[in-house]
Every structure is written in structure tokens, then in C-alpha cells.
Amino acid sequence: MERSSWATIPRCTPMDSARIQHAFRQKFGTEPTHVARAPGRVNLIGEHTDYNDGWVMPLALAQSVWLAFRPRADRRVVLHSLDVDPPVDFYLAGFSRARGWGEYAKGVAWALQEGGHDLGGFEGVLASDVPRGAGLSSSAALELALARAFSVASGFAWDARRMALAGQKAENGWVGVGCGIMDQMASAMGESDHALLIDCRSLDATPTPLPPRTAVVVLDTGTRRALVDSAYNERRDTCARASGVLGVPALRDATLADLDAARGQMDATTFRRAHHVISESARVLAAAGAMRGGDADRLGALMQESHASLRDDYEVSSPALDAFVEAAVAHGACYGARMTGAGFGGCAVALVDAASACTFADAVSDAYRQRTGHEPATLVARAAPGASVEPLHTLTPDPS
């Protein structure tokens, strides 16, 4: 059932472990001792609720960041990526901010050291097939793969929740993106064949099955956004202001009745932003009930309500996202669809009849391409387990 047609993006298969082990040998002239992996995620419902202490419903994807590595004795971190340049090289004492993908490695190191961990260095080679900028949490997958490597190199026990928080701290405090906890939690704690109902305040995570005979299809618009430079942080600040007006710690603590009562105390834009968040948290809980009851029609309707709210109240959709969602819901196999991720570009997600998932993906891609001129990509998603690490007891054959 699994199918991937990510245009120009290398597919991630079990042989990727062999590929990066081979690349490690070429780069460092020795064998790696471990391979870590951490998945991307797609969020089924619950957008922009995580940093408001609300509820979300992501599932971890098979698409992952893979890291072959070997601990070092000199507290130095040396990283090569098969996907992006330049290499990363820094010592764990006295490093400073710069630019580039290496800031994620520094950010994770900083967050772990701030959390009291005495870190050891390592050298490694990374490969990823989580599309960057598509709203599928490529950055969280990178953060959790790095955290896995640091846990081995430094000898501390893995705690998925604490490592998710460290990844979020790296993104917030070092990289400069005010993300909530959802992405890192999904990457750290995903479970096979289940979405995760996550309470972003308590960090309780409840595996929740999809309705029977359904599949999740990710629809990549082929358009991209940059979170740091987008309106994401502005949305977060607006939510904080709305919480202050309502006199609650976070918007999860308010009801729509509370919001209506305070309407005269906030501008129209702030009201709409808060309306989305409060109603979206309620939709996530309703979606969990629909999933437990096997009600695909109800879940699909909630997804469509979510998209309308993100488009009209939160204003984070785009013409491309709207076009893909409209093409999806017009197809007879689709129960519902919505944009997913922070917005402004990236991906939509659809709940469809499992038997028709691949034909759905082809038909909807054609309709979207004709309407927009963009080149889409699709993925019939498989819910995967969270971040893991494996010691290498035997040599892996050269994949060439």
C-alpha cells in the first residue's frame, strides 16, 4: 500500500542505513558504531494549537532523518550531510551562533547542556528524505536524530519526552522559530499504525487508530515557506495577547463563549486568531472520538472544518493549498482534507478510502497540476515508530 512519488526527493528505504554507513566510511576512513533515525510527521488535525497548550493529532512518517555516527573522545562534533552543504564542525565548549543547517546541531547541544547533560562529541553522516519546508517537520526529525546520537555519545538514558522538549528548546531558543511541542513529540514518540493524540500541556500521548479501511495521503503542493521569515511568530504573539485579554494561561483554557464575551476588548484579527485556536482544540478532541468509534465521515468533516478555519480565521493557507484541498474533497474516495503544518505553502493531508488511495493520489495530482501549473508530489503515509538508535554489530554491505 505504501507509495512515494516525491519529485526530486530521494526515497528513504531500509538501504539508506547502508548508504550512510558507506558514506561514513568514505568520509572518516573507519566504521560507524551506531545508526540513529528520527521520523518526520504529518498532522492529521490540530494546527497552531500546540503553542497554545491545546491538543494535536500527528502521526510519525516512515520518511526520516538517518545518522550514522561514531563517538569521539575530544568533545568535537563533525557532521556531513548527503543532502546539504557545508559540513558542520564545532567543539562542545564555547561554540557560537552562525548560519546554516549546523545551527540545529548546535541548538540541540546547547539545549542538552542547559538541561544538565555533560555531552560527548561524535562524528557522523546524515541523510534525509523528509522534504524541507513542506510542513512535515524535517527540522524536528533532525533534532531528534541528533539527540539520539548525543545520548549514545554522552552515556545518558533516553527519555522521549525530555528529548522532545530539548528539541523544542533548540528550535525556540537557538534557531529562533517559536514552534510548539507537537513536531518533536511526534518524532520522539510516534507509534506504528497509530496517530498520537497529544495534550501539549501535560505531554500525555495516546495512540489513536485511524478508522478502519482508511488511509492518509499527503499532498505536496510543490510550494515552500520559511518559518523564521514567515508570519508564524506573529501568529504566536497574537495568541498570547488574546490569552491576556481573556485572563487565561493559554487559549486552551478559554471557550468560544468566553471569546464572544470579550469580543469588544480585542481587534477583529485577534478575535479570528483566537476563534481558530479554541475551535481547533475542540475539533481535535472530537476527532479522537470519531477515530475511536471508527467514524471516517465524521473525521473527514472535522478536517474540512479545520481547513476552513485555517484559511479564514488564522489566514495561513495559500492558493496552492486551497486548490489541492478542493481537488481532494471533490474526489469520491475522499472523506476530508485540509492543509497541514504551519501553512503559507507545503502540504495538505487527506483521509481517503484505503483501496482507492493510489488512484486518488494520481487523479487529484492531475487536477491540481492542471489548475495551478505547480508540480505536485504525493505520499500514501504509513504511521511509523518514533526516534530510535541501533548499534552496528556487523558490517553492512556496500550498497553500490
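The values are calculated or read from the model by the stated rules, or taken from the named source; none is laboratory data. All values derive from a computational prediction rather than experimental measurement. Methodologically, a virtual Cβ is constructed for each residue, glycine included, from the backbone with ideal geometry; neighbour enumeration extends over all protein chains shown. The area values use the complete protein model at the heavy-atom level, side chains included, leaving out ligands, DNA and RNA. Shrake-Rupley method; radii C 1.70, N 1.55, O 1.52, S 1.80 Å.
Brief remarks follow.
- When residues of the range 249-295 are limited to those that are among the β-branched types (Val, Ile, Thr) and within 25 Å of the chain's Cα centre (by Cα), the one surrounded by the most Cβ atoms within 10 Å (Cβ to Cβ): 277
- Positions within the range 366-385 being in a loop (DSSP other than H, G, I, E, B) and either of a type in the set (Phe, Trp, Tyr) or free of Cβ contacts under 8 Å to residues at least 24 places away in the same chain (or both), in sequence order: 373
- For the range 248-278, a residue qualifies if it is of a type in the set (Gly, Ala, Ser), in a loop (DSSP other than H, G, I, E, B) and closer than 15 Å to residue 52 by Cβ, and the qualifying residues are 250, 254.
- Any chance residue 263 is among the basic types (Lys, Arg) and within 19 Å of residue 281 (Cα to Cα): no
- Residue selection: residue 108 fails the criterion of being of a type in the set (A, V, I, L, M) and open to solvent by 30 Å² or more (accessible area, probe 1.4 Å).
- Against the list (1) buried (at least 21 other Cβ atoms within 10 Å of the Cβ); (2) more than 28 Å from residue 302 (Cβ to Cβ); (3) under 19 Å from the mean Cα position of the chain (by Cα); (4) modelled with pLDDT under 95, the condition residue 10 fails is (1).
- Conditions (1) open to solvent by 30 Å² or more (accessible area, probe 1.4 Å); (2) among the aromatic types (Phe, Trp, Tyr); (3) not in a loop (DSSP other than H, G, I, E, B); number of the one not met by residue 156: (3)
- Across the range 340-361, a minimum of one residue is classified as without any contact (Cβ under 8 Å) to a residue 60 or more places away in the chain and either within 26 Å of residue 51 (Cβ to Cβ) or open to solvent by 40 Å² or more (accessible area, probe 1.4 Å) (or both).
- Matching residues in the range 303-323 - criterion: being touching a residue at least 40 places away in the same chain (Cβ under 8 Å), part of a helix (DSSP H, G or I) and among the hydrophobic types (A, V, I, L, M, F, W, C): 303, 310, 320, 321, 323
- Checklist (1) open to solvent by less than 10 Å² (accessible area, probe 1.4 Å); (2) within 19 Å of residue 158 (Cα to Cα); (3) modelled with pLDDT of 95 or more applied to residue 118, failing item: (1)
- The one condition from (1) surrounded by fewer than 19 Cβ atoms within 10 Å (Cβ to Cβ); (2) on the phi < 0 side of the Ramachandran plot that residue 176 does not meet is (2).
- Lone unmet requirement of (1) under 25 Å from residue 320 (Cβ atoms); (2) part of a helix (DSSP H, G or I) for residue 288: (1)
- Between 166, 195, 127, the distinction of being under 20 Å from residue 69 (Cβ atoms), modelled with pLDDT of 95 or more and hydrophobic (A, V, I, L, M, F, W, C) belongs to 166 only.
- Qualifying positions in the range 386-398 - open to solvent by 20 Å² or more (accessible area, probe 1.4 Å), modelled with pLDDT of 95 or more and out of contact with any His (no Cβ under 7 Å at 6 or more places or on another chain): 388
- Counting only strands (runs of 3 or more DSSP E) wholly contained in the range 26-129, the ones carrying 3 or more residues that are within 30 Å of residue 285 (Cα to Cα) occupy 34-45, 55-71.
- Checking residue 326 against (1) part of a loop (DSSP other than H, G, I, E, B); (2) surrounded by fewer than 22 Cβ atoms within 10 Å (Cβ to Cβ), the condition it does not meet: (1)
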